[in-house]
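Accompanying notes for the structure given below.
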Amino acid sequence: MTASENLMVDTKKVKILILQMLKDMVLNAKGQLITFRPAKVAQDISIWTRKSPRSESVIVRNFLEELVELGLIRVIKRSARGKVYGIMRNTEFWLILEHNNVHEILSFIDGYKSARRSNTSINMLRELANAQKINLAQTATNGGNKNISGNP
């Protein structure tokens, strides 16, 4: 593998690790909002990859900024220590993180980016989130998939 191919593999690996960390945070969330700083994300990833957190911090910041540009996450706060990013409960991205694996999510994000670049009005992430919201609403209204027929 050439150096540029190796960098692409490492970048994809780091993005998958970021999404896995966000997925874990969403699944373990108690409140309505999860927040995180890029430095903390890079530090946690460096534990998994056994590399310096400095090497991943640039990739982490760039990927999080991509997600902000796509409207999937928000900048909650800016301070001298940097930005704090957040994801609100019941947003599209929260539901996508909750119900899909990280490889599917990364392919959705890449597809969404390419669709926006080509000015195509395909909103794969929104359609997926809306389908999941409908599914959750149907589950809630029928009592969690209980048999609601009139027969005892």
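Read the figures in this text as sums done on the coordinates, not as results from a lab. As the structure is a prediction and not an experimental result, all values here were calculated from the model. Note: ideal-geometry Cβ built from the backbone for every residue, glycine included; neighbour counts use all protein chains shown.
What order, most packed first, do the peptides 23-32, 62-71 have when packing is the mean number of other Cβ atoms within 10 Å of each residue?
Values: 23-32: 11.8, 62-71: 15.7.
With the highest mean Cβ count within 10 Å placed first, the list reads 62-71, 23-32.
So, in nm, how far is label Asp110 from label Glu65 when the simple model puts each one 7 Å beyond its Cα toward the Cβ?
2.2
Within the set Lys40/Lys83; Lys13/Lys77; Lys83/Lys113; Lys15/Lys113; Lys77/Lys133; Lys15/Lys40, which residue pairs have Cα atoms separated by over 19 Å?
On the way: Lys40/Lys83 11 Å; Lys13/Lys77 27 Å; Lys83/Lys113 23 Å; Lys15/Lys113 14 Å; Lys77/Lys133 28 Å; Lys15/Lys40 15 Å.
Distance filter (> 19 Å) returns Lys13/Lys77; Lys83/Lys113; Lys77/Lys133.
Mind listing the long-range amide H neighbours of Arg74? Cut-off is under 5 Å, sequence gap 5 or more, other chains count too, H placed in the peptide plane at 1.01 Å from N.
Amide H neighbours of Arg74, under 5 Å, 5+ apart: Gly86.
For Ala29 and Val84, calculate 0.36 nm times their separation in residues minus their Cα-Cα distance, and state this gained length in nm to one decimal.
On the way: separation 55, 0.36 × 55 = 19.80 nm, distance 1.67 nm.
Between Ala29 and Val84, full extension yields an extra 18.1 nm.
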